[in-house]
Structure formats: structure tokens, C-alpha cells
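Before any comments, here is the structure.
The values are calculated or read from the model by the stated rules, or taken from the named source; none is laboratory data. Just so we're clear, the structure is a prediction, and the values are computed from it rather than from any experiment. With ideal geometry, Cβ positions are generated from the backbone for all residues, glycine too; neighbour counts draw on all protein chains shown. Quick note on the areas: whole protein, heavy atoms, side chains included, nothing else; ligands and nucleic acids left out. Shrake-Rupley method; radii C 1.70, N 1.55, O 1.52, S 1.80 Å.
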Amino acid sequence: MAPTYDIEHLLLSQHSVRTVAGVDEVGRGAWAGPVTVCAVVTDLSEPPAGLTDSKQVSAARRPPLAAELAAWAVGVGYGEATHEEIDALGMTRALRRAARRALEALPVRPDAVILDGKHDYIGPPWPVRLEIKGDAASISVAAASVLAKVRRDAYMGTIGCDEYGFAENAGYPSPLHQEALARLGPTPHHRLSWSYLDDLPQWRHLKQHRDPLAGEGQATLFG
């Protein structure tokens, strides 16, 4: 089924809610590159044709659909957390940073947020409504999922490292990526705190470990 505005209308029926943003992320499971979050506010008008969860939109269709969505939406905000931030903070805190950056980049401050998934990584002061498979249910979240995917994929295609196939796999562990990583080691774009390094004896010494006693933003290297 195509996404609808049912969740948006439910939230807008509350007296204190006049603006709703849909939020989604991409890059959480990648081994390299940033995590990207997009926040979208609409005027509840009919979205561009074919809008649905980004995973259900073909790779060829996603960029033109993203351009249509950017022109159609009332507001679009993006936020990234770099691979360095992911290593230093862990994924949950890095996602929180990226999501807040996306929400703060919107031209209007939403009174409520629809967040795809079952874990609220945004937190106060944003009122968050969690929605499992929200990118398939909510038009706002579906738009955010497509825009986030296209933005991050485009970035990953610009950073080189052709042997790793980032332009095709966007930093996810494809066979080509895994083979290059085992042979050549991590690039400056890899997340060095992740467990894939445990399976690479010749590169294991590069692994970073967050020090839970050092405070936010600290990472240490152990041999």
C-alpha cells in the first residue's frame, strides 16, 4: 500500500500540534561513511507519483523522485554524523546528533516528529511518535527516506576509493567492499570502532575503542 497522511492527521488533531515532520535515516549499517538523517515537512498535499519507502524505489527512479520531493516539500532538513563521530560517540548518540541537525535545519520548527523505527534516538525536547515501517506508512517519512538515501549515495559516490566500490555499495559490506578491505585495509572513511576489524587480523590493530569513562567524544586506540 502507498503511504498516507493518516499518522500526520492523527498528530495534527491534537490541540498543540500544528506542524509535523517525518524523519528517517540511512547509513546505519554501513562500514564506511556518515549516517544521514532527513526531516521533511509537507503541506499535506498530494506527493509526487510513486512515493514510497526508498527501498522499494528503483535506483534509477530515486534521484529524479528526490528532486521532485525537494521542490514539493514545505521544508527539508538534512543532518549528518561523520564516521569519526560514530566512532567517538557510538551509533545512538551519533544518530541523535544527525537527527537534531536535520530538525534544526528545517525552515519551521515542528511540533511533533514521526520517526521511522522502534527506538527514539532523538529525545527531548522533540515530541516523537515512533512508527515501525513508518517509511511505508507515512508520506512525510517516506519522503525523508528517499531524500536521505539519495543524498548519502551521492556523497559516497564522490569520495573515490574505487577498489572498495563505494559508488555502488555506499559503504555497505558488499563482496567487493569486503575483499578490498581484507586486502588493502580500511580507508580514511571507514568506521574503525566496528566489529568487522575483529575478523581482519592484519588490520585489527587499527580498531578504536570508546572509553566509557572519558566522556562524550573521546576514543582511544588499543593495540
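Some points to look at:
- The chain - percent of accessible surface contributed by carbon and sulfur, probe 1.4 Å: 55 percent
- Modelled spin-label separation between Lys55 and Asp162, with each label point placed 7 Å from Cα along the Cα-to-Cβ direction: 3.2 nm.
- Gyration tensor verdict on the stretch 44-100 (Cα atoms; rounded if a/c is under 1.5, prolate if a/b is larger than b/c, oblate otherwise): prolate
- Principal-axis tilt of helix 91-104 within the chain, Cα atoms, nearest 10 degrees: 40 degrees
- Taking 0.36 nm per residue of separation and subtracting the Cα-Cα distance, full extension of the segment from Leu184 to Met1 would add 61.5 nm.
- Theoretical FRET efficiency, 1/(1+(r/R0)^6), r = Cβ-Cβ of Leu176 and Ser16, R0 45 Å, to 0.05: 0.35
- Rounded to 10°, Cα long-axis angle of helix 62-72 versus longest principal axis of the chain: 40 degrees
- Cβ-based net charge around Ala21, under 10 Å, with every Lys or Arg adding one and every Asp or Glu removing one: -1
- Against the chain, whose longest principal axis is taken from its Cα atoms, helix 175-184 shows a tilt of about 40°.
- Each other residue within a Cβ distance under 11 Å of Trp72 adds +1 if Lys or Arg and -1 if Asp or Glu, for a net charge of -3.
- Kirkwood hydrodynamic radius of the stretch 77-174, from the reciprocal of the average inverse Cα-Cα distance over all distinct pairs: 14.7 Å.
- Accessible surface, per residue, of the chain when the full set of protein chains is kept, probe 1.4 Å, Å²: 48 Å²
- Bridgeable lysines around Lys55 (alpha carbons under 19 Å apart, same-chain partners fewer than 8 residues away excluded): Lys118, Lys133, Lys149.
- Size of the chain from its Cα atoms: along the principal axes, largest to smallest, the extents are 57, 42, 27 Å.
- These residues, Met156, Met1, go from largest to smallest accessible area, 1.4 Å probe, as Met1, Met156.
- Calculated from backbone phi, Karplus (6.51, -1.76, 1.60) coupling profile of the stretch 105-117 in Hz, x at Gly/Pro: 7, 5, x, 10, 8, x, 7, 8, 10, 9, 10, 5, x
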